Amino acid sequence: MMTGRDRPPFTAGISSDLPSSARHRAVTASEIDRLEGRDVSTHTLKASTDRGRAGDKIFSGISLTAGILILAVLFSVAVFLLVQAAPTFTADPTEITGGNGFTSYILPIVIGTVIAAIIALVIATPIGIAVALFISHYAPRRLARAFGYVIDLLAAIPSVIYGAWGYIVLAPQLAKGYTWLAENLGWIPFFTGPASQTGKTMLTAGIVLAVMVIPIITSLSREIFLQTPTLHEEAALAMGATRWEMVRMAVLPFARPGIISATMLGLGRALGETMAVALVLSPGALGASLIRTGNQTIAAEIALNFPEAFGLRLNELIAAGLVLFVITLIVNMIARFIITRHKEFSGAN
Amino acid sequence: MSKRIDVKDLNVYYSKFLAVEDVNINIEARSVTAFIGPSGCGKSTFLRTLNRMHEVIPGARVEGEVLLDGDNLYDTAVDPVTVRGQIGMVFQRPNPFPTMSIRDNVLAGVKLNNKRMSKSDADDLVEKSLSGANLWNEVKDRLARPGSGLSGGQQQRLCIARAIAVSPQVILMDEPCSALDPISTLAIEDLINELKAEYTVVIVTHNMQQAARVSDKTAFFNIAGTGKPGKLIEYDDTTTIFNKPSIKATEDYVSGRFG
C-alpha cells in the first residue's frame, strides 16, 4: 500500500502508467489523508517560509564577523610582538640591558611578576570567596544587595588610583610592620632585613594587587554561588547539614569551575597590572626578601622604560611583553585543563 | 528505629500568607501515610514542615506543634539541623550530588555527623543502604562513578539510599515518582512497601492509584480557591478513603470528578 510519503507530488492517483487497481488504491489513500486532515503535499516541507530567515542570516553574519575579528586582532598582536621582539633574540648578548643576554635580563622580572601575582592571589582568593559566600548565602538580603553594589564599585576604580593609594597611604603604614617582620621573622628568607623604610616593596605591591583582584573574584564567584541549584542545597539541608556544611557539599563543588575561572581572571589582572605596581614598587634586583626594596614586574618594567626606549631597547621591552603574553596564555590553558578534567563530576551531564 | 508524628493545630505561613490552616493529624510509626489532593493545596508545604525544611524559604514560618514521639520539633531549644538528621527527605526530582561518586553520595549524610568510620564499616554501610534501596546490584561495579550518570529512577533510589544511610526515624517523600517512568515508579513503590517494616514513611503523591497501592492511611487535602489556605479535609484508612469516604469532596476527588 502506498503512503503519502512515497507518492510523487501532485501525480497521486492520476499517473496513467500505474495499473488501475494501484491507481484506485492511491486515490483512496490520499482521500483518507484528506479526510483525516493530514496535508497530502510533500511540498510543505521543501517550500521555505521567509519568516525570520533574513534575521537568521544577519545574525549569523554578525556573529561570524565578530568571531573572525577577534581572531584577526589576536593574530595581528601576536605577529607584532614576534616581529618587533625578533631583533632581541638575534642581537649580541652584550648589547642587551645587563650585558648578559636576554634570558638573564628577563628571568628576574618574570620571577618578580609571578611573585607579585602569587602574593595577590594568595591574599585575594580566600577573601574574595568568603565575601562572595557572605553575600550569596549568609547576609540578610538587603545588606547583601548593598554589599554587592559596593564590591562592583571597587572593581570600577581605576588602577592608577589604587597605585596612588598604595603609594601614599598603604606603603608608609606597612613600613612599620616590615621593620617588625625583619626584626622578628628575619630568619625566613622572605622577610630578611633591612626592611624598606618607604614600604615600597614587593609585598606592598602584592597587597595592592590583591585589593584590586578581590572585587573581580568576589563578583564572579557570587554570581556562580547564586546559581547553585536549590535542589542540591535542599538535598544537603534535608540531610541535616548546617549552613556551612551545605555550602561545602552543594555550593562549592558546583561553583568550582567558576571559582577557578574567577581566580584566573584575577590572576590575569595581577600579571598584567602596570600602573599600580609602577607606582608602589621601587624596582631593583631580584631578591628573595619581599620587604626590601627590589624586584620588578614585566608590566611595570615596560611602562617605566618605554617612553625613553629606542632601537634595540625598544625591541627588548616588546620581547618582555611577548613573554608576559605567553605566561598569561599558559596560565589560561592550565585553568582550562583543570576545569575540563573534572567535567564528568560537574553535574553538566 | 521509627517514631510516630503527631501534629497539633498547625498553621503554615509564607510571610503573611496562610498556606495551610489548622492541621491535626496522627501518623503511626512503621506505616505508610499518603497525602493526596489537587495542586497547590499545600500538601508539599505541609510535608516540609515535618522536618523543618519549610523555614528554609525566606519568610516562611509555622504556628502550632509537630511532635515526634512527643517531642515538639518547633520547641525553641530544638535545632532544625538535628531534626533534619532524624527525619530524612526524598524530593520530587532526583537530586544526588553531581560532584560526588555514588559511594560518596550514600555516605554524605553519615559524614556530616562527623562519625569517624573505618573503610570497611563505610563499605558495609554503602552496601546495606544501596541494597535497602534496591540499587546495589545495578551499581556495585561502579561505585566510584558520578551519581549523575545514573538513570532518573536509579538516581531517585540513590537518593533514598542516601536518606536511609543515616538511619532516620521518619522518611518524607515529596512526589518521589513524578519524574519517573512506570517501571522505575514500580521499583520505588516496592521499595516503599519494604521500608515500612523499619521506618515511618510519609509520601505526597498526585497519583491516586499510587496512594492506594502503597499507603496504609491517606490524608486528603483541599483548597477552597486560589489565595485561600489549604486544609486537611479527611484522614482515614486508605481503603476507607477510596471506597467510602465520609466527606463529599473526598469522594469527588478520588472518583476523579474534580481536581
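Just one of the listed residues (B:Asn51, B:Asn95) is buried (at least 17 other Cβ atoms within 10 Å of the Cβ), touching a strand residue (DSSP E or B) at 6+ places or on another chain (Cβ under 8 Å) and either of a type outside the set (D, E, K, R) or touching a residue at least 60 places away in the same chain (Cβ under 8 Å) (or both), namely B:Asn51. Within segment B:27-44, being in contact with a helix residue (DSSP H, G or I) (Cβ under 8 Å, 6 or more places away or on another chain) and surrounded by 24 or more Cβ atoms within 10 Å (Cβ to Cβ) holds for B:Val32, B:Ala34, B:Phe35, B:Ile36, B:Gly37. For segment B:206-225, state whether one or more residues are open to solvent by 60 Å² or more (accessible area, probe 1.4 Å) and among the β-branched types (Val, Ile, Thr). No: zero hits. Applying the condition of being over 16 Å from B:Val90 (Cα atoms) and among the hydroxyl-bearing types (Ser, Thr, Tyr) to segment A:221-251 and asking which residue is farthest from the chain's Cα centre (by Cα) yields A:Thr242.
A count restricted to segment B:134-161 and to residues that are within 14 Å of another protein chain (Cβ to nearest Cβ), outside any helix (DSSP H, G or I) and out of contact with any Lys or Arg (no Cβ under 8 Å at 6 or more places or on another chain) stands at 5. Suppose the filter is more than 20 Å from A:Thr228 (Cβ to Cβ), acidic (Asp, Glu), open to solvent by 60 Å² or more (accessible area, probe 1.4 Å) and in a loop (DSSP other than H, G, I, E, B); does B:Asp22 pass it? In short, no. Exactly one residue out of B:Ser131, B:Ser120, B:Ser39 is more than 30 Å from A:Arg142 (Cα to Cα) and assigned to a loop (DSSP other than H, G, I, E, B): that is B:Ser39. Is one or more of the residues making up segment A:199-219 open to solvent by less than 30 Å² (accessible area, probe 1.4 Å), within 14 Å of another protein chain (Cβ to nearest Cβ) and not basic (Lys, Arg)? No, segment A:199-219 contains no residue that is open to solvent by less than 30 Å² (accessible area, probe 1.4 Å), within 14 Å of another protein chain (Cβ to nearest Cβ) and not basic (Lys, Arg).
Report whether or not A:Met264 is farther than 19 Å from A:Leu82 by Cβ, within 14 Å of chain B (Cβ to nearest Cβ) and among the aliphatic types (A, V, I, L, M). No: the conditions fail for A:Met264. The one condition from (1) more than 14 Å from chain B (Cβ to nearest Cβ); (2) open to solvent by less than 20 Å² (accessible area, probe 1.4 Å); (3) out of contact with any Ser or Thr (no Cβ under 7 Å at 6 or more places or on another chain) that A:Ala285 does not meet is (2). The number of residues in segment B:54-92 being surrounded by fewer than 18 Cβ atoms within 10 Å (Cβ to Cβ), of a type in the set (A, V, I, L, M) and at the interface with chain A (Cβ under 10 Å from one of its Cβ atoms) comes to 3. Applying the set (1) within 14 Å of chain A (Cβ to nearest Cβ); (2) under 26 Å from B:Ile27 (Cβ atoms); (3) more than 19 Å from the chain's Cα centre (by Cα) to B:Ile164 leaves exactly one unmet item: (3). Checked against (1) in contact with a Ser or Thr (Cβ under 8 Å, 6 or more places away or on another chain); (2) open to solvent by 80 Å² or more (accessible area, probe 1.4 Å), A:Ala171 passes all but condition (2).
Taking every residue in segment A:223-238 that is facing another protein chain (nearest Cβ under 9 Å) and pairing it with any residue that is surrounded by 20 or more Cβ atoms within 10 Å (Cβ to Cβ) and assigned to a helix (DSSP H, G or I), at least 6 positions away or on another chain, the pairs with Cβ-Cβ distances below 6 Å are A:His232/A:Ala250; A:Glu233/A:Met246; A:Glu233/A:Ala250; A:Ala236/A:Met246; A:Ala236/A:Met249; A:Ala236/A:Ala250; A:Leu237/A:Met246; A:Ala238/B:Arg84. Checked against the criterion of being in contact (Cβ under 8 Å) with a residue 24 or more places away in the chain and at the interface with chain A (Cβ under 9 Å from one of its Cβ atoms), the candidates B:Asn105, B:Asn113 yield just one match: B:Asn113.
The values are calculated or read from the model by the stated rules, or taken from the named source; none is laboratory data. All of these numbers come straight from a predicted model, not from anything done at the bench. Every residue, glycine as well, gets a Cβ built from its backbone with ideal geometry; the counts of neighbours run over all protein chains shown. Please note that ligands, DNA and RNA were not included when accessible areas were found on the heavy atoms of the full protein model with its side chains. Shrake-Rupley method; radii C 1.70, N 1.55, O 1.52, S 1.80 Å.
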